[in-house]
1. For Lys77, list the lysines whose Cα falls under 22 Å from its own Cα; do not include residues on the same chain fewer than 8 positions away.
2. Hand me the GluC sites (Glu not before Pro) from the range 67-103 located in a DSSP loop with no more than 11 other Cβ atoms within 10 Å, in residue order please.
3. Quick one: if you stick a label point 7 Å off each Cα along the C-beta vector at Asn8 and Glu41, how many nm between them?
4. So if each residue of separation counts as 0.36 nm, and I subtract the Cα-Cα distance between Glu65 and Leu101, what length gain in nm does that give?
5. Classify the range 35-85 as rounded, prolate or oblate, taking a ≥ b ≥ c as the square roots of the eigenvalues of its Cα gyration tensor: rounded when a/c is under 1.5, otherwise prolate if a/b is larger than b/c and oblate if not.
6. Under a straight-distance cross-link criterion of Cα-Cα below 26 Å, which lysines are reachable from Lys70, leaving out those fewer than 8 residues away in the same chain?
7. Taking the Cβ of Ala67 as the center, what net charge do the other residues with Cβ under 14 Å away carry, scoring Lys and Arg +1 and Asp and Glu -1?
8. Quick one: angle between helix 2-99 and the longest Cα principal axis of the chain, in degrees between 0 and 90, rounded to 10, please.
Amino acid sequence: MEIFKWVNDLEKIYEDLIKNSKNESLAELKALRNNQEKMIEFSLNQKQKIVNLALKNLAEDIAKEIANFKNLLNENKENIEKQFQISKNNLVKSIIEKLGLEF
């Protein structure tokens with residue numbers, strides 16, 4: 001019958017339209033997903049660069065502070081040694097005077 005053939009043709013067209021729409025939607029979703037993944041990867045790379053730069057700057061600042069601390073520590077050590085030598089000499093003179101061993 002002609003009407004059944006026509007209904008079968010409509011059904012086939014309908015199935016093809018659904019299949020094509022599904023394939024197009026899947027392709028669009030894949031493209032959107034790929035774009036989103038690229039954007040996320042780019043964002044993560046930018047954030048990683050920022051973190052690396054911050055860590056590099058922090059490491060440089062810490063290295064400078066350590067160098068300053070070492071210099072200050074060495075200066076204080078030298079001052080303590082000088083003061084010790086001065087105090088030692090004065091103490092020896094004072095002991096010699098008190099013991100009456102001056103010649």
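1. Lys64, Lys88
2. Details: sites: Glu75, Glu78, Glu81, Glu97, Glu102; in loops: Glu102.
Those that pass, being in a loop and sparsely packed, are Glu102.
3. 4.9 nm
4. Working: separation 36, 0.36 × 36 = 12.96 nm, distance 5.09 nm.
Result: 7.9 nm gained on full extension.
5. Working: a/c = 13.39, a/b = 10.95, b/c = 1.22.
Because a/c hits 1.5 or more and a/b exceeds b/c, the range 35-85 counts as prolate.
6. Lys70 reaches Lys56, Lys82.
7. Numbers: positive: Lys64, Lys70; negative: Glu60, Asp61, Glu65, Glu75.
Charge balance in the 14 Å sphere: -2.
8. 0 degrees
Coordinate-derived values only; no laboratory data. All of these numbers come straight from a predicted model, not from anything done at the bench. Every residue, glycine among them, receives a Cβ derived from its backbone with ideal geometry; neighbour counts consider all protein chains shown.
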